[in-house]
RNA sequence: GCGCCCGUAGCUCAGCUGGACAGAGCGGCGGCCUUCUAAGCCGCGGGUCGCAGGUUCGACUCCUGCCGGGCGCGCCA
């Protein structure tokens, strides 16, 4: 159930009946408990446009609203708010519906499913993943899960950087510094080493740079030997990547790297030229995006071009990105594409979108940007020696630290054999939660002690809250899936918990619509807090049958919602900890 | 130079797209384990929402200017 939608519909109908106009009732959860559970703010705005006193309008609407089933109290307050207090029994019944809805936990699917491509993670071949890829991977995965849960056909696509200039450098570098032994060992680390040497050499030594360009030309013209070498790079890299994705629990539907679009590139440039969207300038083919009628405000009048072919004839990632848009439209039949990419690339996407709009592309394209992960010093996260932190090392440290914390915890309900598994779930969950906790656009500070603190708003707290619910079911020897209530709300903590739980549908929809997983994180934290308070004040198992049945049912909804919410964020729920 | 983003409690962050006295976590102070996990709960203290104007019945939210910080801007991705 979407509580806000339900209340909005009642609100709109009451405005229609009472005032004879169509208007958004602007339903919001009440800020203060004295104001009730929900409030209508819409009459204030309406007062202005109708030039009538808002309180008068609010009174008319409150009148129409008052009779309806959900409300215990409807009252006009302040300058023209309508405060709504929901009936305990109504809340309990709706929660009963959620309890019965085992498939969706009360979150309705969207009315109109779409095909949505989510472009995320997208690391480079021949490089290890480092923290720079963490947010795209975690955020992208959560967004995929959210959209998919709402019934969309979602294609998570790992748009690998598997084509381009770096391969010329790599091929030339291998000839010079490659070690067959090392390549058979940790191939990606070796490739990375060679790449570093080669890119340095290319800067210092023109002859070597030429050599690299020649290698690239041979690769791109289909030389079989180089092609085979490249293929090996891709395969070796993919194996290394899969190891990290496995640990993170991340899956893709597609691995269509940049090389997949190679054949389309000449055609893209031709079309742009033919249609007059691009023109040659200083030997390069450029789209002067600032001149396009499709240009957004921020790009209007900009002089810098969007270059789609270099003066040496080579294509760029801009070209590939255009081809990718066309492929996603024509072959994947996407309605929407989400690019989960660092916000610093906002200009690139603005240019890309304006260019493809000029080509007649109408599907929804959205750059889902995100901020930078900062170290404890407030600068972008790096190792002591300035190198980017690899994801593998980061995850290792998270698990190690989690295990150390678990071992020093008192009252552990864990047999030693299970510690490793729980440490993995807690460590990795903590890293993910630290990322998903705040608005994706803000830069955030990565602080080990905070994210693994095991107290306050951190990943382990949510996992702990879930584990506690499971513990009650175990101790009571009840199967939560067979509980049927009925739920009766007796104590304030029960009502507070129930009300929070009823918001889940609204939250999941809002999070999916805005690609804002932090809304789910925030909600789960509220559930956990409400649950802890409930737990503190209300006994469950040692009560008489009716109270016990009701509280177990309430707990079952909370338990499932935590599990579902964590799953939507890609965080493992733990049975015991 | 042009453009984008940010500035909210000592620290880390929310603030639902203008609404009722601005919220949470950490840290500080004080309480609570003979009852289903104290990794918890309850309470207290803490903010001129960078500054100055403007629009509005009403501004953390919208507009303008300034200050401070981050980032992006022809042939890398």
| task | Could you rank the peptides A:164-176, A:343-355 by their average count of other C-beta atoms within 10 Å per residue, with the highest value first? | result | A:164-176, A:343-355
| field | Approximate spin-label separation residue A:181-residue A:207, in nm, with each point projected 7 Å along Cα-to-Cβ | value | 2.9
| Length gained when the stretch residue A:384-residue A:165 is fully extended (0.36 nm per residue, less Cα-Cα span) | 75.9 nm
| task | Highest first, please rank the peptides A:18-25, A:373-380, A:149-156 by the mean number of other Cβ atoms sitting within 10 Å of their residues. | result | A:149-156, A:18-25, A:373-380
| Each label point is 7 Å from the Cα along the Cα-to-Cβ direction; what then is the distance between the points at residue A:270 and residue A:88, in nm? | 7.5
| task | Can you bin segment A:290-439 into rounded, prolate or oblate? Criterion: square roots of the alpha carbon gyration tensor eigenvalues sorted a ≥ b ≥ c, rounded for a/c under 1.5, prolate for a/b above b/c, oblate for the rest. | result | prolate
| query | According to the square roots a ≥ b ≥ c of the eigenvalues of the Cα gyration tensor, what is the shape class of chain A, taking rounded for a/c under 1.5, prolate for a/b larger than b/c otherwise, and oblate for the remainder? | reply | oblate
| Between segment A:199-235 and segment A:280-325, the alpha-carbon center distance in angstrom | 26
| task | Output the relative contact order of chain A, whole-number percent, from Cα pairs under 8 angstrom with separation of 6+ residues. | result | 15
| remark: Scoring segment A:3-86 by relative contact order with C-alpha pairs under 8 Å, at least six apart, yields a percentage of 28
| query | Which value in nm describes the separation of the simple spin-label points at residue A:199 and residue A:66, placed 7 Å from the Cα toward the beta carbon? | reply | 7.1
| said: Antiparallel versus total DSSP beta bridges in chain A: what percent is that, nearest 5? | reply: 55
| Percent relative contact order of segment A:155-303, based on C-alpha pairs within less than 8 angstrom and at least six residues apart? | 30
| Gain in length, residue A:471 to residue A:484, computed as 0.36 nm per residue apart minus the alpha-carbon separation, to one decimal in nm? | 2.8 nm
| field | R0 of 35 Å, Cβ-Cβ distance residue A:288-residue A:333: FRET efficiency to nearest 0.05 | value | 0.65
| request: Any chance you could check the Cα centroid distance between segment A:524-553 and segment A:437-468 for me, in angstrom? | output: 24
| request: With r as the distance between the Cβ atoms of residue A:346 and residue A:97 and R0 = 56 Å, compute the FRET efficiency 1/(1 + (r/R0)^6) and round to 0.05. | output: 0.85
| said: Test of understanding: ordering A:104, A:407 by Cβ neighbours within 10 Å, fewest first, what list do you get? | reply: A:407, A:104
| request: Please order A:68, A:159 by the number of other Cβ within 10 Å, starting at the fewest. | output: A:68, A:159
| Going 7 Å from the Cα of residue A:439 in the Cα-to-Cβ direction, what parts of segment A:350-394 have a backbone nitrogen less than 15 Å from that spot? | A:369-372
| request: Once you have the Cα-Cα distance between residue A:110 and residue A:253, take 0.36 nm times their residue separation minus that, and quote the gain in nm to one decimal. | output: 49.4 nm
| said: Let's test the formula: R0 of 56 Å, r as the Cβ-Cβ distance of residue A:48 and residue A:407. What FRET efficiency results, to the nearest 0.05? | reply: 0.35
| remark: If A:381, A:568 are placed from fewest to most neighbouring beta carbons inside 10 Å, the sequence is A:381, A:568
| Spin-label zone in segment A:467-503 - amide nitrogen under 18 Å from a point set 7 Å from the Cα of residue A:529 along the C-beta vector | A:492-503
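Rule-based calculations on the coordinates, nothing more; no lab input. Predicted model only: the values in this text are computed from it and were never measured. Using ideal geometry, Cβ is built from the backbone for each residue, glycine included, and neighbour counts are taken over all protein chains shown.
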